[in-house]
Amino acid sequence: MLKNDLLLKALRGEELQRPPVWMMRQAGRYLPEFIALRDQYDFFTRCQTPELATEITLQPLRRFPLDAAILFSDILVVPQAMGMNFEMKPGVGPWLENTIKTSADVKNVIVPDVEETLGYVFEAIKLTKKELDGKVPLIGFAGSPWTILCYAVEGKGSKTFDIAKGFCFENPVAAHELLQKITDTTIKYLLKKVESGCDVIQIFDSWGGLLSPNDYDEFSWPYIEQIVNVLAEKVPVTVFAKGCWFALEKMSQSKASALGVDWTVTPQIARYLTKNSITLQGNFDPARLLSPPETIQKIVKEMIDEFGTTKYIANLGHGILPNVPVEHAQAFVEAVVNYKKI
Ligand code: CP3
């Protein structure tokens, strides 16, 4: 039983006086206590050690009155389990030496036994649930198959992911085979996450917006939909497809409970495209957290006025930036918690 189930109520579309609030990447480099642990253990050690993952998950909740916890982990643990040896290089970010280049490379990718390869994530969930003691719901997540393919083929972050796009356009058969393997692994992984205690699932399609609407329909959405169709039978699912306002109408007709939106779309347009039929999450520009706290409070109030307090989850439009002062993140969360219509 949850003591604070505001997030679940918003996902069910229940009428609320104020929306729930959490921040994408709320456990992150803007927190001094996160930096202290980062200096002691490398990134994937933090992901793989349940005690550390739990501690980092709880850090932002000790500071701010958040309505949800999101498990500290990374979307890249899934391709790691599939045999791709991702590292997190300081100053570079995600790094894969042996990228996927050919159909033969795709054939070598495995759909693993998730309990064997990702057991540490399920242990971290159980420990986090115990520590949370029903305080707030726990969000589990995975990357979309397209976003994972971007890293698997490109081998690192990119503004355009043109190597990944080139691979799909030159070799669509191999691309679809890889996307299906990622999808099959992700479904098994997320089902086990739910079984381990996650109350809500979010799919991050961080690079969906790099595709044209037609290519999104071919290379991203069908795979996200497969995942949503299975997972939505168990828990509410949120799809955050960054830059994909063009797909909002179609996504709103799926079994997802909520859709994430970024700051390039207005609340009015997002509501219009989704016919007010689904909960929306977002869409504060993360860079706007660099404004003075009074300005943050003012823009948050306007954002809630425009989205409304029902069928809405207050959040950023993408992950929090490392250079955001902690007091500014606090001003954001408190502005939502203290929201009054007038
Ligand atoms: O939201 C949360 O608080 C939960 C934790 C979380 C992390 N990564 C921790 C993390 C989540 C949900 C993710 C998802 C993730 N990881 C995405 C999708 C969301 C998004 O922001 O688009 C992506 C694309 C990744 C891959 C990845 N991992 C990138 C691009 C980076 C940043 C690299 C850099 O140096 O800028 C990471 C590293 C990472 N994952 C950090 C955190 C807190 C920071 C690195 C560190 O601790 O040293």
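The values are calculated or read from the model by the stated rules, or taken from the named source; none is laboratory data. From a predicted model like this one, the values you see are computed outputs, not experimental measurements. Cβ coordinates were reconstructed from backbone atoms using ideal geometry, including for glycine residues, and neighbour counts include every protein chain displayed.
Overview of results
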{"item": "Where Ala81 falls short, out of the listed (1) under 30 Å from Leu178 (Cβ atoms); (2) buried (at least 19 other Cβ atoms within 10 Å of the Cβ); (3) out of contact with any helix residue (DSSP H, G or I) (no Cβ under 7 Å at 6 or more places or on another chain); (4) among the small types (Gly, Ala, Ser)", "result": "(3)"}
{"item": "Options Gly119, Gly143: the member that is surrounded by fewer than 22 Cβ atoms within 10 Å (Cβ to Cβ) and of a type in the set (Gly, Ala, Ser)", "result": "Gly119"}
{"item": "Whichever residue in segment 262-310 is under 21 Å from the mean Cα position of the chain (by Cα) and surrounded by fewer than 16 Cβ atoms within 10 Å (Cβ to Cβ) and, among such residues, is farthest from Leu8 (Cα to Cα)", "result": "Ala287"}
{"item": "Among (1) farther than 20 Å from Lys255 by Cα; (2) surrounded by fewer than 22 Cβ atoms within 10 Å (Cβ to Cβ); (3) touching a residue at least 60 places away in the same chain (Cβ under 8 Å) - the single one Trp207 does not satisfy", "result": "(2)"}
{"item": "Meets criteria (over 17 Å from Thr128 (Cβ atoms) and touching a residue at least 40 places away in the same chain (Cβ under 8 Å)) for Val77", "result": "no"}
{"item": "The listed residue being among the small types (Gly, Ala, Ser) and under 30 Å from Val21 (Cβ atoms), out of Ala124, Ala81, Ala174, Ala104", "result": "Ala124"}
{"item": "Considering residues of segment 37-74 that are near the ligand (Cβ under 8 Å from one of its atoms), free of Cβ contacts under 8 Å to residues at least 60 places away in the same chain and assigned to a loop (DSSP other than H, G, I, E, B) only, the residue surrounded by the fewest Cβ atoms within 10 Å (Cβ to Cβ)", "result": "Asp74"}
{"item": "Residue in segment 80-101 that is assigned to a helix (DSSP H, G or I), among the aliphatic types (A, V, I, L, M) and either within 16 Å of the ligand (Cβ to nearest atom) or more than 18 Å from the chain's Cα centre (by Cα) (or both) present", "result": "yes"}
{"item": "Residue in segment 51-67 that is of a type outside the set (S, T, N, Q), more than 23 Å from Thr128 (Cα to Cα) and modelled with pLDDT of 95 or more present", "result": "no"}
{"item": "Set Ile187, Ile224: member being β-branched (Val, Ile, Thr), surrounded by fewer than 23 Cβ atoms within 10 Å (Cβ to Cβ) and assigned to a helix (DSSP H, G or I)", "result": "Ile187"}
{"item": "Members of segment 232-250 found to be more than 16 Å from the ligand (Cβ to nearest atom) and either of a type outside the set (Asp, Glu) or out of contact with any Ser or Thr (no Cβ under 8 Å at 6 or more places or on another chain) (or both), listed by number", "result": "Ala232, Glu233, Lys234, Val235, Pro236, Trp245, Phe246, Ala247, Leu248, Lys250"}
{"item": "Tally, over segment 10-36, of residues that are outside any loop (DSSP other than H, G, I, E, B) and either surrounded by 15 or more Cβ atoms within 10 Å (Cβ to Cβ) or near the ligand (Cβ under 9 Å from one of its atoms) (or both)", "result": "6"}
{"item": "Matching residues, segment 132-168, being under 25 Å from Val200 (Cβ atoms), of a type outside the set (Lys, Arg) and assigned to a loop (DSSP other than H, G, I, E, B)", "result": "Asp133, Gly134, Val136, Pro137, Ser144"}
{"item": "Of all residues in segment 234-252 being in contact with a helix residue (DSSP H, G or I) (Cβ under 7 Å, 6 or more places away or on another chain) and closer than 17 Å to Leu138 by Cα, the one that is surrounded by the most Cβ atoms within 10 Å (Cβ to Cβ)", "result": "Val239"}
{"item": "Checklist (1) within 13 Å of the ligand (Cβ to nearest atom); (2) in contact with a Ser or Thr (Cβ under 9 Å, 6 or more places away or on another chain) applied to Lys193, failing item", "result": "(2)"}
{"item": "Evaluation of Val136 against (1) under 19 Å from Met24 (Cβ atoms); (2) among the aliphatic types (A, V, I, L, M); (3) within 13 Å of the ligand (Cβ to nearest atom) (one fails), failing number", "result": "(3)"}
